[in-house]
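Okay, structure first, notes after.
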C-alpha cells in the first residue's frame, strides 16, 4: 500500500536525512520536530527518509502521521528485521540530496549537530564522522567500544575515534560508490577511505536514551571483529581473491609435495616402511589443504566475476516513495 502525496516536490533537495529504526515509536515525533528545526536554514531544502526495519510496535503508524503532516518525509517499511546495513542501503537508494546525513532514531544523536557536519563537509571532506567524545552510555558499553575502535583505527589506517557513531554525513558520490550489507555500516569510513575519499571527524553531542532500551548487546563486538576481517580482506583482495588463497594453497601444496616426494624416495630406494611415520600424514594433509585453498580462491574469483549484488530486503509498504 503506497500513499499518494501530490504536494511532494520533484526537485532534489540539498540534504537527505536517512534514519533507520526498529521499535522507536516513542521517539519519532520528537525526532522529527528536532530535525526540522535543525535543518530549516539548510540552503536548497531537505528531506527525511525513515526506514522502518521491521518494527513490531506502532512505529509505522507514527510514521504515517508524520508523513501526512510533512511533505518532505518518505517512509520505507521492511517486512522483517533485516539489520541496520540493509536499512541504510534502502534509505541511500531512495535519498536524493547531494549531502546525506545518517542518524539513529533513539534521540541519542542530536540533530542540532547537522549544521556543524555540513560546515565540515563544505571544508573539502567527503565523509564526516561524529565522535561521541562524552558518551552517555554505561561503562559496559563504553570500554569495549573504545578497545574495538582503537583496533579498527590501527588495522584500517583510518584515524578516527568512533567508527560506530550513527551520526555521519556523506557526499552523494560516497554512498553511490560504497555498498553496505551485513554489519558493514560501522565501517563505511574505512570502506570510503579505501576508495580515496577524504575522511574527517568532529565531536558531537551525545544524549542519554530517553525511551526504550538499546537494541545492541555485547555480541555485536564479536560480530564487529569478524566484520573487520571482512573489511581488511575487501581492502586488498576484493577483486583478486585467488592472490590470497592461491598463495597459501601453493605454499601448503608445495610443502606437502616435497614431503611426499621425500617419503616416496625412501620407500622406493631404501625400502623404508612408511606406515608408522607421522610425516606421511603431515605431507598428505598439506597437499589436501593446499588444493582446498586454491579451490576456494578459484570459487572466489568466479563469485567476483558474477558480481551478484542482489537486494536482501523485502519492502512491505512505502510512503512518498
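The values are calculated or read from the model by the stated rules, or taken from the named source; none is laboratory data. None of these values were measured; they are calculated from a predicted model. Because the Cβ atoms are built from the backbone with ideal geometry, glycine has one as well, and the counts that use them run over all protein chains shown.
Residue 264 meets the stated requirement of being modelled with pLDDT of 80 or more and not assigned by TED's automatic domain parsing to the domain that holds residue 157. Taken as a whole, the structure places residue 41 among residues that are in contact (Cβ under 8 Å) with a residue 40 or more places away in the chain, farther than 22 Å from residue 93 by Cα, touching a helix residue (DSSP H, G or I) at 6+ places or on another chain (Cβ under 9 Å) and surrounded by fewer than 16 Cβ atoms within 10 Å (Cβ to Cβ).
Considering 113, 195, 173, the condition of being at pLDDT 95 or above and more than 29 Å from residue 27 (Cα to Cα) is satisfied by 173 alone. Within the stretch 77-96, being assigned to a loop (DSSP other than H, G, I, E, B) and crowded, with 23+ Cβ neighbours inside 10 Å holds for one residue alone: 95. When the residues of the stretch 297-321 are filtered to those that are surrounded by 16 or more Cβ atoms within 10 Å (Cβ to Cβ) and assigned to a helix (DSSP H, G or I), the one that is modelled with the lowest pLDDT is 301.
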